[in-house]
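The values are calculated or read from the model by the stated rules, or taken from the named source; none is laboratory data. It should be emphasised that the depicted structure is a prediction, and the values quoted were computed from it without experimental measurement. In this analysis, Cβ positions are derived from the backbone assuming ideal geometry, glycine residues included, and neighbour counts consider all displayed protein chains. Accessible surface is based on the protein model in full, side chains and every heavy atom, while ligands, DNA and RNA are left aside. Shrake-Rupley method; radii C 1.70, N 1.55, O 1.52, S 1.80 Å.
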2 protein chains.
Amino acid sequence: MKVFVIGAGGNVGRLVVDHLRNANDEVTAGAHRQEQVDDFRKQSVKAEVFDLLKQPEEMAKQLQGYDAIVFSAGSGGKTGDDMTMLVDLDGAVKSMQAAELAGVKRFVMVSAIFAEDRTKWVTIKPYYAAKFYADEWLRHRTSLNYTILEPGGLTFEKETGKVTTDVSKSGGSISRGDVAAAVTASLHDDSSIGKVIPLISGQTPVKTAIDQAK
Amino acid sequence: MKVFVIGAGGNVGRLVVDHLRNANDEVTAGAHRQEQVDDFRKQSVKAEVFDLLKQPEEMAKQLQGYDAIVFSAGSGGKTGDDMTMLVDLDGAVKSMQAAELAGVKRFVMVSAIFAEDRTKWVTIKPYYAAKFYADEWLRHRTSLNYTILEPGGLTFEKETGKVTTDVSKSGGSISRGDVAAAVTASLHDDSSIGKVIPLISGQTPVKTAIDQAK
């Protein structure tokens, strides 16, 4: 599968690139900064600068011919930062519009746990709001074959290969590596299309968890 | 008509309250701060604190029994301000959801010129983005009888009673008083339902301009 990863220079994105390569997908790393692109190229990964502040028509030129797009960009979720609006929300929506313009049907979004429930936005509320409105656009205003992954608090802990989609207790955390594994599993499992899948660390192998997600 | 004005303490909102009172509407001024509420009450205007950071279910309690809602709140459009996301976007959408919960069908939104066209967001881009996504929600995600007014650059100049909806040249400005007149005219003219109406200062009487808007 030919996959374009938006936000490949980020802490989740670079692990997504690794996982997709290990799964023998043909990956292009779309990164914010030229130095990130250069780093990927040193590892023989196809990479290019992808600017979320551009217009969808310009973005679409870069997305021609791909089978799927992964959106794992994040402005950092800092408060008091215009980029929450312009990257996490508008950049995400423009990526969706660009995907549609380019004829790419499959779109995997890395969102955040409980983004859809305002009463659970405790910290970094503007970031959660951005994810909420971006996810709503993906679900209701596009015809993309989407999967929305909603990881809990992201950690740098060792990847375990095991997660759970049961976040009914009170959320939880998950390693970025396990999120990347779930992105890859979702792309290879069409039963995840049209689903919003919460994810925290757990006891179920990633592929099984994605396959059995409701 | 019984009208609840959200953002009544703002520079447009207080003029909307004046215009509606002059038109013999029964107005409640929903304001952000208690001191604004106190000021309205000194002028014998019914007023209450309306908090855009609350949940829609709580907001809805305050909106019961009204015929229409005007949203003219604004966080100030400053850059680097979380309130752009939480007030101008999420506060607006929660107001719509609250209106629906309360069974209020009519909703007049004070938006901003060219909010629907990203290529024209030159300054305060996060503010325009907030208005864009709020307007999109109103148009596509609610069943409210909406009118969206898109005034040009707001001035404190004298109200002229005359405007134009032709902004094809390159936009323009409009006095806040003329915006307030247009809000009132829209509420009293059901032909404005379902329309997005740009507004700058011009030569057409406000009522005529609203009535003839496409």
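Just a few scattered comments:
- The residue list A:Asp135, A:Asp211, A:Asp178 contains one member that is farther than 20 Å from A:Arg106 by Cβ, in a helix (DSSP H, G or I) and of a type in the set (D, E, K, R), which is A:Asp178.
- When the residues of the range A:141-175 are filtered to those that are more than 20 Å from A:Ser72 (Cβ to Cβ) and not in a loop (DSSP other than H, G, I, E, B), the one that is most open to solvent (accessible area, probe 1.4 Å) is A:Lys162.
- Residue that is farthest from the other protein chains (Cβ to nearest Cβ), among those in the range B:121-140 that are open to solvent by 70 Å² or more (accessible area, probe 1.4 Å) and of a type outside the set (Val, Ile, Thr): B:Arg139
- Looking only at the range A:60-119, and only at residues there that are farther than 30 Å from A:Ser168 by Cα and hydroxyl-bearing (Ser, Thr, Tyr), the one that is nearest to the other protein chains (Cβ to nearest Cβ): A:Ser95
- Among residues that are open to solvent by 10 Å² or more (accessible area, probe 1.4 Å), at pLDDT 95 or above, more than 22 Å from B:Lys131 (Cα to Cα) and not in a helix (DSSP H, G or I), B:Asn24 is included.
- Qualifying positions in the range A:106-119 - surrounded by fewer than 20 Cβ atoms within 10 Å (Cβ to Cβ) and either touching a helix residue (DSSP H, G or I) at 6+ places or on another chain (Cβ under 8 Å) or part of a helix (DSSP H, G or I) (or both): A:Glu116, A:Arg118, A:Thr119
- Selection count, the range A:15-30, where residues are more than 16 Å from A:Ala68 (Cα to Cα) and within 13 Å of the chain's Cα centre (by Cα): 1
- Filter result for A:Lys207 (open to solvent by 30 Å² or more (accessible area, probe 1.4 Å) and in contact with a strand residue (DSSP E or B) (Cβ under 9 Å, 6 or more places away or on another chain)): no
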